[in-house]
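The values are calculated or read from the model by the stated rules, or taken from the named source; none is laboratory data. Since we're looking at a predicted model, the values are computed, not measured. Please note: Cβ atoms are built from the backbone with ideal geometry, for glycine as well, and neighbour counts cover all protein chains shown.
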Amino acid sequence: VGADRVAANGDVANKIGTYMVAVLAARHGVPFYVACPCSTIDVNTPTGAGIVVEERSADEVTGFGDTRWAASGVLVRNPAFDVTPAELVSAIITERGVVHRPDSQSMLIHMRQD
């Protein structure tokens, strides 16, 4: 998968549903790889908990045009992204190489490479 942002410890923020795919990959013994440019890695955000997830309009999931399929007044969350914990990531692949089983130390070493 790609990544919109990667925290210093290797947690990955990407489009909603990425976490679900990572969980399924882990459950079925399939490696889960993330490909992204180094510019996506945010060494100033220690973990995925610090990544602000954009909330999209509830209208996107409660109806379309004049048609509504959700009851009026229903509270809806519609996050645009989710955060996949680093322990579910087999490797992060960048233009500088591959970080297997990413964590804070391996990500820092990777980012210091020339």
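Tally the residues that are surrounded by 14 or more Cβ atoms within 10 Å (Cβ to Cβ) and of a type in the set (S, T, N, Q), restricting the search to segment 85-114.
Final tally of qualifying residues: 4.
Being over 14 Å from ALA91 (Cβ atoms) and either surrounded by 13 or more Cβ atoms within 10 Å (Cβ to Cβ) or of a type in the set (S, T, N, Q) (or both) is the filter here, so list the residues in segment 34-52 that pass it.
CYS38, SER39, THR40, ASP42, VAL43, ASN44, THR45, PRO46, THR47, GLY48, GLY50, ILE51, listed by residue number.
In segment 66-114, which strands (runs of 3 or more DSSP E) lie fully inside it and hold 1 or more residues that are more than 16 Å from ALA13 (Cα to Cα)?
97-100
Could you grab me the full set of residues in segment 6-33 that are under 9 Å from the mean Cα position of the chain (by Cα) and either among the hydrophobic types (A, V, I, L, M, F, W, C) or surrounded by 21 or more Cβ atoms within 10 Å (Cβ to Cβ) (or both)?
Those that are under 9 Å from the mean Cα position of the chain (by Cα) and either among the hydrophobic types (A, V, I, L, M, F, W, C) or surrounded by 21 or more Cβ atoms within 10 Å (Cβ to Cβ) (or both): VAL6, ASP11, VAL12, ALA13, ASN14, ILE16, THR18.
Which condition from (1) touching a strand residue (DSSP E or B) at 6+ places or on another chain (Cβ under 8 Å); (2) surrounded by fewer than 18 Cβ atoms within 10 Å (Cβ to Cβ); (3) in contact (Cβ under 8 Å) with a residue 40 or more places away in the chain; (4) not small (Gly, Ala, Ser) is the one that GLU55 breaks?
(3)
Can you pull out every residue in segment 41-74 that is farther than 23 Å from TYR19 by Cα and of a type outside the set (D, E, K, R)?
Answer for segment 41-74, where residues must be farther than 23 Å from TYR19 by Cα and of a type outside the set (D, E, K, R): GLY63, PHE64, GLY65, THR67, TRP69, ALA70, ALA71, SER72, GLY73, VAL74.
Could you say whether any residue in segment 70-84 is within 20 Å of MET107 (Cβ to Cβ), at pLDDT 95 or above, among the aliphatic types (A, V, I, L, M) and loosely packed, with under 13 Cβ neighbours inside 10 Å?
no
Any idea which of ASN44, ASN9, ASN14 is assigned to a strand (DSSP E or B), modelled with pLDDT of 95 or more and among the polar types (S, T, N, Q)?
Going through ASN44, ASN9, ASN14 in turn, just one is assigned to a strand (DSSP E or B), modelled with pLDDT of 95 or more and among the polar types (S, T, N, Q): ASN14.
What pairs can you find where one residue is in segment 70-96 and over 19 Å from GLY50 (Cβ atoms), the other is modelled with pLDDT under 95 and in a strand (DSSP E or B), and their Cβ atoms are less than 7 Å apart, with a gap of 6+ or different chains?
Sorted first by the residue in segment 70-96, then by its partner, the pairs are ALA70/GLY63.
Does VAL53 qualify as being under 18 Å from GLU87 (Cβ atoms) and part of a loop (DSSP other than H, G, I, E, B)?
no
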